[in-house]
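Working notes, structure below.
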Amino acid sequence: MQTQKVTGKAILMLRNMKGLGQKDAGSRLNISQQAYSKIEKKEQIKPNLLNKIMRAFNCSEVEFEKINGYPPHKLIIPFIEIILFI
């Protein structure tokens, strides 16, 4: 299974879909607006951060898939498999 890459741009799109500003998004994640802004500029979002963002934004897998074209579990399962086999 090929691991898909989630970028900060996808997080930006998700935030906009939820009608949140960066300050509100940062508050939901218990970080500053400036720290949140850096997330949206990342080339790749790690699975644990993606899970935290999805929970904070109350985002379902269906909503995530609408933005990215693939469900989040395609990101998370290979990561878990790697940990189990190390």
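The values are calculated or read from the model by the stated rules, or taken from the named source; none is laboratory data. Quick caveat: nothing in here was measured; it's all calculated off a predicted structure. All Cβ positions, even for glycine, are placed from backbone atoms using ideal geometry, and neighbour counts span all protein chains on display.
Considering each of I76, I39, I11 in turn, give the residue that is among the β-branched types (V, I, T) and modelled with pLDDT of 95 or more.
Numbers: I76 fails: modelled with pLDDT of 95 or more; I11 fails: modelled with pLDDT of 95 or more.
Result: I39 is the single residue among I76, I39, I11 that is among the β-branched types (V, I, T) and modelled with pLDDT of 95 or more.
Taking region 21-45, which residues are within 17 Å of V6 (Cα to Cα) and either touching a strand residue (DSSP E or B) at 6+ places or on another chain (Cβ under 8 Å) or surrounded by fewer than 17 Cβ atoms within 10 Å (Cβ to Cβ) (or both)?
S37, K38, K41, K42, E43, Q44
Which condition number in (1) surrounded by 13 or more Cβ atoms within 10 Å (Cβ to Cβ); (2) within 10 Å of the chain's Cα centre (by Cα); (3) at pLDDT below 95 is the one that N48 fails?
(1)
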